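Structure first, then comments.
The values are calculated or read from the model by the stated rules, or taken from the named source; none is laboratory data. Note that the structure is a prediction, hence the values are computed from the model and not measured. Cβ: placed from backbone, ideal geometry, glycine included. Neighbour counts: every protein chain shown.
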Amino acid sequence: MNQSIENVEFELAQAIYSLTNLRPKKIGIVTGHGELDSLAMDGFLKILKELFSVSHAQLTNPAALKPFRVLIIAKPTQPFSDAEKYNLDQFILKGGRVLFLIDRLEADMKQVSHEGYLAMAYNTQLEDQLFRYGVRVNAGLIQDQVCGKYPTVAGQTGNQPQIMLMDWVYFPLIMRYGDHVITRNMDACATQFISSLDTVKAIGIRKTPLLFSSPTSRFINSPVKIDIAQVRREMSEVFHQG
């Protein structure tokens, strides 16, 4: 009941904001480093465009960043230059905000279908900058026994393969959240091939962890050998790093 009431309150507040938001704030989607394209971000961008003015942003031109209130860096796969990192840092120092959506390792189910696939770290050159902001994205993947399902062939009936949904530990199902308005009343959050974060001391920066893996999880350092056949095997080990 409480969650239903809060959902109604959220919808009402969003409607009022839309009606009174005559000059939408500008959000820049950073490009130039192999980030997700518009097709991959379609649903995300549609929601943003309901409330904000959204366009692409290049870090090579600091003057072009001035109109933006927020920059979004979505899954970069190629290096950032020192000049780009400097411009990004200056944007933050002048009051801008940045949403870093980082995949530390290169891994998805298309690649994992190949036997003996090794998930290697992307070389974005952002590690030193994030470290100065008080965060380290660890090069590895979380395995969690509280996880999502993946369809796999479990046997044959005649000539027909039998498909079953089986637990896949690289798809952690997040059900533990930090005490913050962003995560209040959230349902389970499905993830795929995620890394862990370490917080490090940074003067003047406050860090609030929002999502936590379960107590039955563990972290595997890069390079990570991912075997789809692992889905078919019963996971007898107990993980306790979450």
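Answer yes or no: is there a residue in region 68-80 that is surrounded by fewer than 14 Cβ atoms within 10 Å (Cβ to Cβ) and either assigned by TED's automatic domain parsing to the domain that holds A139 or not in a loop (DSSP other than H, G, I, E, B) (or both).
no
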Confirm whether I220 is in contact with a strand residue (DSSP E or B) (Cβ under 8 Å, 6 or more places away or on another chain), closer than 20 Å to A107 by Cβ and not in a strand (DSSP E or B). no
If you scan region 177-197, which residues turn out to be exposed (fewer than 14 other Cβ atoms within 10 Å of the Cβ) and either among the basic types (K, R) or in contact (Cβ under 8 Å) with a residue 12 or more places away in the chain (or both)? G178, H180, I182, R184, N185, A188, A190
Would you confirm, using the coordinates I've provided, whether L22 is exposed (fewer than 11 other Cβ atoms within 10 Å of the Cβ), modelled with pLDDT of 90 or more and assigned to a loop (DSSP other than H, G, I, E, B)? no
Quick check on my filter: what residues within region 33-53 are of a type outside the set (A, V, I, L, M, F, W, C) and either farther than 27 Å from R104 by Cβ or free of Cβ contacts under 8 Å to residues at least 40 places away in the same chain (or both)? D37, S38, D42, G43, K46, K49, E50, S53
Please go through region 160-207 and give me each residue that is under 18 Å from the mean Cα position of the chain (by Cα) and within 19 Å of E127 (Cα to Cα), ordered by number. F193, I194, S195, S196, L197, D198, T199, K207
Checking V54 against (1) assigned to a loop (DSSP other than H, G, I, E, B); (2) surrounded by 12 or more Cβ atoms within 10 Å (Cβ to Cβ); (3) not aromatic (F, W, Y): exactly one of these is not met. Which one? (1)
For region 113-154: of the residues being under 20 Å from T199 (Cα atoms) and among the aliphatic types (A, V, I, L, M), which is surrounded by the fewest Cβ atoms within 10 Å (Cβ to Cβ)? L130
Among the residues of region 83-110, which ones are over 25 Å from A63 (Cα atoms) and either free of Cβ contacts under 8 Å to residues at least 24 places away in the same chain or part of a strand (DSSP E or B) (or both)? L105, K110
Here's a check for you: in region 94-112, which residue that is of a type in the set (G, A, S) and surrounded by 16 or more Cβ atoms within 10 Å (Cβ to Cβ) is modelled with the highest pLDDT? G96
